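Notes follow the structure.
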Amino acid sequence: GSNLVFRSELEPGTFFAFIFAFFNVIEPSKSFSKAYYDIQKGLAAAERVNALLDEEDRVAEIPEPIIISAVQECISFEHVFFRYNEQEPFVVKDIDLKIPAGKVVAIVGASGSGKTTLVDLLNRFYDVSEGAICLDGHDIRQVSLKNLRSLMAIVSQEPFVVNDTIFNNITFGLAGVDRQDVIAAAKAAYAHDFIMQCEQGYETKVGDQGTRLSGGQRQRLTIARAILKDAPLLILDEATSSLDSESEQLVQQAIGTLIEGRTVIVIAHRLSTIQHADIIFVLKDGQLIETGEHGELMNLDGEYRKFVELQAF
Ligand code: ADP
């Protein structure tokens with residue numbers, strides 16, 4: 001273009017007009033290709049969201065479900081059988097047990113013995129294949145799902161943390177929560193101090209799956225969440241992997257606060273927890289083989305004793 005101008009074959013004004021027009025076209029054409037890219041990205045995301053929306057409910061609610069406000073007597077499993085698929089064998093077989101309200105019970109058994117399945121049935125993530133699970137005599141299939149799940153808090157060994165602020169992670173799933181209550185819950189869960197040490201306190205973003213926090217901190221956040229929820233029934237899936245000893249101690253203290261005054265079901269991996277449980281249920285291949293307190297079961301000289309001696313939780 002400059003050559004043409006120097007050779008007087010092109011008016012300078014025309015040349016500048018061309019350059020001006022050229023630059024004006026670049027941006028919109030870039031937006032075109034970006035828009036195409038965004039549409040593709042959106043379509044891929046929509047596909048995933050739709051798959052989730054189309055997911056069928058595994059459990060159905062009856063037309064007029066009942067509402068219960070608390071479990072006053074017991075949770076009972078009545079001859080419960082369960083299999084994940086019709087074609088597969090039962091993984092829970094004829095489980096018949098009672099969990100009295102206000103007690104701490106431990107479920108113990110080798111990996112794959114059905115501990116997680118049992119608590120998932122209580123949450124109604126799945127429905128029993130045969131038998132029934134009852135809260136104070138009410139079959140949980142008669143209870144409103146929302147109501148049933150509001151009665152339970154779950155603290156699992158894989159802390160569920162989302163990429164949001166610490167505050168929103170503690171209040172996750174709860175609406176209209178008072179800031180003071182969140183702080184009180186964090187204090188009770190021994191999380192307040194480390195939160196205050198973060199640059200933006202409760203407004204600190206925790207990163208994808210909480211990567212900016214240590215394992216112990218993530219666990220204390222989920223414990224704070226459970227304290228805030230204040231559900232009468234607590235399901236605790238104890239971590240198998242150990243944390244560093246300081247975090248470990250804080251997590252144990254936080255759990256100590258959390259279990260006070262609640263009915264607690266622990267999928268237990270620590271001897272100290274198991275020893276302190278009011279009742280221990282020992283599972284093997286989906287069956288309940290022994291029930292009792294630590295001392296009783298040790299005297300029984302059966303599977304439980306073998307477990308303890310081999311430290312095989
Ligand atoms: P535990 O918690 O004691 O390790 P689980 O309840 O996870 O035991 O598993 C009990 C049995 O159920 C195992 O044999 C396991 O392979 C099977 N199982 C667990 N989850 C599923 C699933 N989603 N689909 C099919 N089988 C499963």
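Here are some notes:
- The range 113-132 residues that are in contact (Cβ under 8 Å) with a residue 12 or more places away in the chain and at negative phi, paired with ones that are open to solvent by 20 Å² or more (accessible area, probe 1.4 Å) and near the ligand (Cβ under 9 Å from one of its atoms) (beta carbon under 7 Å, 6 or more apart): Ser113/Asp285; Thr117/Val91; Tyr126/Asp120; Ser129/Arg83
- Any hit, the range 84-105, residues being within 16 Å of the ligand (Cβ to nearest atom), surrounded by fewer than 16 Cβ atoms within 10 Å (Cβ to Cβ) and in contact (Cβ under 8 Å) with a residue 60 or more places away in the chain: yes
- Selection of the range 148-190 for residues being among the acidic types (Asp, Glu) and within 17 Å of the chain's Cα centre (by Cα) yields Glu158, Asp164.
- Residue satisfying all of: in the range 258-286; out of contact with any Pro (no Cβ under 7 Å at 6 or more places or on another chain) and charged (D, E, K, R); nearest to Ala186 (Cα to Cα) among these: Glu260
- Going through (1) more than 25 Å from Gly173 (Cβ to Cβ); (2) part of a helix (DSSP H, G or I); (3) open to solvent by less than 70 Å² (accessible area, probe 1.4 Å) one by one, Gln275 falls short only on (3).
- The lone criterion from (1) in a loop (DSSP other than H, G, I, E, B); (2) within 16 Å of the ligand (Cβ to nearest atom) left unmet by Gly261 is number (2).
- Residue list for the range 109-141, restricted to those being more than 8 Å from the ligand (Cβ to nearest atom) and touching a Leu at 6+ places or on another chain (Cβ under 7 Å): Arg124, Val128, Ile133, Ile140
- Boolean, Gly131 is of a type in the set (Gly, Ala, Ser), open to solvent by 20 Å² or more (accessible area, probe 1.4 Å) and assigned to a loop (DSSP other than H, G, I, E, B): no
- Note on the range 173-231: residues that are of a type in the set (Ser, Thr, Tyr), assigned to a loop (DSSP other than H, G, I, E, B) and either surrounded by fewer than 21 Cβ atoms within 10 Å (Cβ to Cβ) or without any contact (Cβ under 8 Å) to a residue 60 or more places away in the chain (or both) amount to 3.
- Screening Ile67 against (1) among the aliphatic types (A, V, I, L, M); (2) within 16 Å of the ligand (Cβ to nearest atom); (3) in contact (Cβ under 8 Å) with a residue 60 or more places away in the chain leaves a single unmet condition, (2).
- The condition of being under 15 Å from Asp139 (Cβ atoms), at pLDDT 95 or above and within 16 Å of the ligand (Cβ to nearest atom) holds for only one of Val59, Val80, that being Val80.
The values are calculated or read from the model by the stated rules, or taken from the named source; none is laboratory data. Small disclaimer: the values here were computed from a predicted structure and weren't measured. Backbone-built Cβ (ideal geometry, glycine too); neighbour counts: all protein chains shown. Please note that ligands, DNA and RNA were not included when accessible areas were found on the heavy atoms of the full protein model with its side chains. Shrake-Rupley method; radii C 1.70, N 1.55, O 1.52, S 1.80 Å.
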